Amino acid sequence: MAHFKHIVIGSGQAGVPLALFLANRGESTLIIEKDKIGGTCVNTGCTPSKTMHEAIRKIYHSQNIGYAGLEIQSSSFDFAKLMKHVRKIRDSWNEGSVENIENTENLTLARGHAQFVDEHTVSIQGYNLTDEQHTADFIYINSGARPHIPEVEGLNSVGPLTNRNIFELTEQPKSLIIIGGGYIGLEFAQMFTRIGTKVTVINHGDKIVNREDDDIIELLQKKLEEEGVTFHLSASPQKAIKNNGDINLHLENGTIISSEKILVAAGRIPNSNGLGLEAANVEINDKGIIIVNEVLETSNNHIYALGEVAGTPQFTHMAYDDYRVVKANIEKPKVRNTLNRTVPYTLFTDPQLGRFGLNEKEAKKKNIDYKLYEMPMSSVARAAEKNESYGKIKVLCDPQSEEIIGASILGVDGGEMMSVLQMAWSGGITASQLQEYIFAHPLLAEGFNNLFTS
């Protein structure tokens with residue numbers, strides 16, 4: 001048994017920078033990881049999925065460049081080569097994280113499953129099945145979340161794919177059922193459709209990505225349907241059965257869909273079970289989320305939780321901001337908290353959907369008055385020049401001050417455009433000021449001149 005100043009459980013996008021920060025302060029720090037260093041983002045999330053997305057986006061646009069006078073004759077596609085590239089990029093980031101940890105003074109890496117013995121003691125079930133125990137003054141939990149597998153008869157027996165194993169594929173499935181019409185499911189639906197896989201999306205609700213405005217949802221679904229994605233809405237899987245190498249998925253409405261593979265993208269659940277939290281007097285809610293206050297302290301004030309396991313919005317940048325909150329309060333207590341944070345995000349379909357702040361659906365629900373500015377992407381010169389003019393821009397402003405209170409941009413580089421508005425919002429720049437702002441011509445951001453004229 002060794003004593004450390006700090007123990008960090010989990011090496012996600014909050015855990016790694018926090019461990020490095022603590023060690024670089026000259027304080028003994030132990031970081032524990034039972035899986036791959038870097039967490040979901042590096043290994044099974046953002047890094048591999050966006051690498052795959054960008055490659056397929058280039059393939060798709062090259063195949064649809066006839067308008068420019070170029071005809072691509074070859075239809076050959078090497079799926080195994082694509083996935084090898086995806087894994088190469090993923091592994092390089094993972095290896096970089098490992099090297100950074102191992103080369104940092106005062107930082108020790110332990111491989112295995114962490115479990116609390118008491119409020120200051122953590123047991124590690126190592127890869128070699130040996131147990132070791134260590135104590136610390138402060139403990140930080142960044143154990144993340146995992147895919148939720150719905151309780152569907154036979155589903156586990158047919159070998160469902162999730163974001164955790166889909167990047168290990170070496171052969172392209174001819175057909176794919178995706179359970180879940182949320183952000184992860186739609187990104188994969190478009191990617192696989194674009195390379196020739198027959199994709200069917202099963203969604204429990206009557207709308208995909210139902211937190212978005214209905215007009216945005218309709219535009220997004222129409223785009224995906226035009227590319228070949230089939231949707232079954234208000235549909236729930238009942239059972240899955242192997243049938244001569246394929247999978248038959250029975251829906252509750254009696255429909256049977258046959259496919260080579262099934263991808264489950266039906267949400268995520270926190271990795272709080274198995275940590276022995278009760279031994280540390282750390283409370284969780286009925287969803288398994290660790291209860292924290294505005295500075296990410298748990299019910300035990302020397303134990304903190306960060307990222308998805310603490311109910312932080314499930315985005316890498318929000319987990320990283322949790323690290324910044326903890327870091328800031330270590331340096332100077334009570335200078336930063338999680339209250340009233342803006343939560344920007346981007347859906348990496350093509351076109352992208354960039355979002356921050358309120359949309360119409362949320363503003364109406366909260367009875368907040370707003371002035372709406374909206375414009376089709378076809379009115380943005382740069383989008384037309386790129387031949388990527390599908391989508392629309394929607395910005396909500398305060399009716400009196402003209403300050404921005406939210407934006408939804410479905411369009412080419414919608415996430416980048418959204419970020420411009422987010423920065424304007426942070427700086428108190430109003431719609432009328434953006435209307436007069438000099439943007440370099442011809443950039444996508446220049447479209448805001450026209451948007452705020454309306």
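Has the stretch 120-140 got any residue that is outside any loop (DSSP other than H, G, I, E, B), farther than 30 Å from Ser299 by Cα and in contact (Cβ under 8 Å) with a residue 24 or more places away in the chain? The answer is no, given that none of the residues of the stretch 120-140 is outside any loop (DSSP other than H, G, I, E, B), farther than 30 Å from Ser299 by Cα and in contact (Cβ under 8 Å) with a residue 24 or more places away in the chain. Scan the stretch 124-137 residue by residue and report those that are of a type in the set (Ser, Thr, Tyr) and either closer than 14 Å to Leu109 by Cα or not assigned by TED's automatic domain parsing to the domain that holds Val8 (or both). Of everything in the stretch 124-137, just one residue is of a type in the set (Ser, Thr, Tyr) and either closer than 14 Å to Leu109 by Cα or not assigned by TED's automatic domain parsing to the domain that holds Val8 (or both), namely Tyr127. Tell me which residues, restricted to the stretch 380-425, are farther than 22 Å from Leu186 by Cβ, in contact (Cβ under 8 Å) with a residue 12 or more places away in the chain and of a type in the set (Gly, Ala, Ser). Ala381, Ser401, Ala424, listed by residue number. The residue that is modelled with the highest pLDDT, counting only those in the stretch 300-312 that are over 16 Å from Gly10 (Cα atoms) and out of contact with any helix residue (DSSP H, G or I) (no Cβ under 9 Å at 6 or more places or on another chain), is His302. In the stretch 438-454, the residues that are at pLDDT below 95 form Cβ pairs under 9 Å with partners that are surrounded by fewer than 16 Cβ atoms within 10 Å (Cβ to Cβ), at six or more places apart or across chains, as follows: Ser454/Glu374. If we scan the stretch 76-83, do we find a residue that is assigned to a loop (DSSP other than H, G, I, E, B) and closer than 30 Å to Ala384 by Cα? Yes, the stretch 76-83 has at least one match. If you check Tyr183, Tyr140 for being assigned by TED's automatic domain parsing to the domain that holds Arg324 and either hydroxyl-bearing (Ser, Thr, Tyr) or in contact with a Leu (Cβ under 7 Å, 6 or more places away or on another chain) (or both), only one passes: Tyr140. Does the stretch 98-116 contain at least one residue that is within 28 Å of Glu27 (Cβ to Cβ), among the aromatic types (Phe, Trp, Tyr), assigned by TED's automatic domain parsing to the domain that holds Ala23 and out of contact with any Leu (no Cβ under 7 Å at 6 or more places or on another chain)? Among the residues of the stretch 98-116, not one is within 28 Å of Glu27 (Cβ to Cβ), among the aromatic types (Phe, Trp, Tyr), assigned by TED's automatic domain parsing to the domain that holds Ala23 and out of contact with any Leu (no Cβ under 7 Å at 6 or more places or on another chain), which makes the answer no.
The set of residues from the stretch 422-444 being touching a Phe, Trp or Tyr at 6+ places or on another chain (Cβ under 7 Å) and crowded, with 21+ Cβ neighbours inside 10 Å comprises Ala431, Leu434.
In this entry, Phe315 is excluded by the filter for residues that are aromatic (Phe, Trp, Tyr), within 27 Å of the chain's Cα centre (by Cα) and more than 30 Å from Asn329 (Cβ to Cβ). Identify the residue in the stretch 27-69 that is assigned to a helix (DSSP H, G or I) and basic (Lys, Arg) and, among all such residues, is farthest from the chain's Cα centre (by Cα). The selected residue is Lys58.
Every test in (1) in contact with a helix residue (DSSP H, G or I) (Cβ under 7 Å, 6 or more places away or on another chain); (2) assigned to a loop (DSSP other than H, G, I, E, B); (3) of a type outside the set (S, T, N, Q) is passed by Tyr323 save one, and that test is (2). Of the residues screened, Ile72 is one that is β-branched (Val, Ile, Thr), surrounded by 11 or more Cβ atoms within 10 Å (Cβ to Cβ) and assigned to a loop (DSSP other than H, G, I, E, B).
Considering the conditions (1) free of Cβ contacts under 8 Å to residues at least 12 places away in the same chain; (2) within 20 Å of the chain's Cα centre (by Cα); (3) part of a loop (DSSP other than H, G, I, E, B), Glu151 is excluded by exactly one of them, (2).
Has the stretch 170-180 got any residue that is in contact with an Asp or Glu (Cβ under 6 Å, 6 or more places away or on another chain), over 30 Å from Glu360 (Cβ atoms) and not basic (Lys, Arg)? Yes, there is a match, as at least one residue in the stretch 170-180 is in contact with an Asp or Glu (Cβ under 6 Å, 6 or more places away or on another chain), over 30 Å from Glu360 (Cβ atoms) and not basic (Lys, Arg).
Let's see how each residue does on (1) in contact (Cβ under 8 Å) with a residue 40 or more places away in the chain; (2) within 29 Å of Ile184 (Cα to Cα); (3) of a type outside the set (Ser, Thr, Tyr):
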{"position": "Ala23", "(1), (2), (3)": "yes, no, yes"}
{"position": "Gly45", "(1), (2), (3)": "yes, yes, yes"}
{"position": "Lys58", "(1), (2), (3)": "no, yes, yes"}
{"position": "Ser62", "(1), (2), (3)": "no, yes, no"}
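Within the stretch 95-108, being surrounded by 16 or more Cβ atoms within 10 Å (Cβ to Cβ) and either out of contact with any Ser or Thr (no Cβ under 8 Å at 6 or more places or on another chain) or over 15 Å from Ile32 (Cα atoms) (or both) holds for Val98, Thr104. Out of the residues in the stretch 340-392 meeting the condition of being closer than 26 Å to His61 by Cβ and among the aliphatic types (A, V, I, L, M), tell me which one is surrounded by the most Cβ atoms within 10 Å (Cβ to Cβ). Among those that are closer than 26 Å to His61 by Cβ and among the aliphatic types (A, V, I, L, M), it is Val380.
When His134 is tested against (1) over 32 Å from the mean Cα position of the chain (by Cα); (2) surrounded by fewer than 18 Cβ atoms within 10 Å (Cβ to Cβ); (3) closer than 23 Å to Tyr323 by Cβ, only condition (2) is not met. Among the residues of this structure, Lys222 does not count as one that is within 19 Å of Asn248 (Cα to Cα) and of a type in the set (D, E, K, R). Listed by position, the strands (runs of 3 or more DSSP E) contained in the stretch 197-280 that have at least 1 residues being in contact (Cβ under 8 Å) with a residue 12 or more places away in the chain and more than 26 Å from the chain's Cα centre (by Cα) are 237-243, 246-251, 256-259. Apart from one condition, Asn163 fits all of (1) crowded, with 20+ Cβ neighbours inside 10 Å; (2) of a type outside the set (Asp, Glu); (3) over 16 Å from the mean Cα position of the chain (by Cα); the exception is (3).
The values are calculated or read from the model by the stated rules, or taken from the named source; none is laboratory data. Keep in mind the model is a prediction, meaning the values are calculated, not measured. No Cβ is skipped: glycine too gets one built from the backbone with ideal geometry, and neighbour counts run over all protein chains shown.
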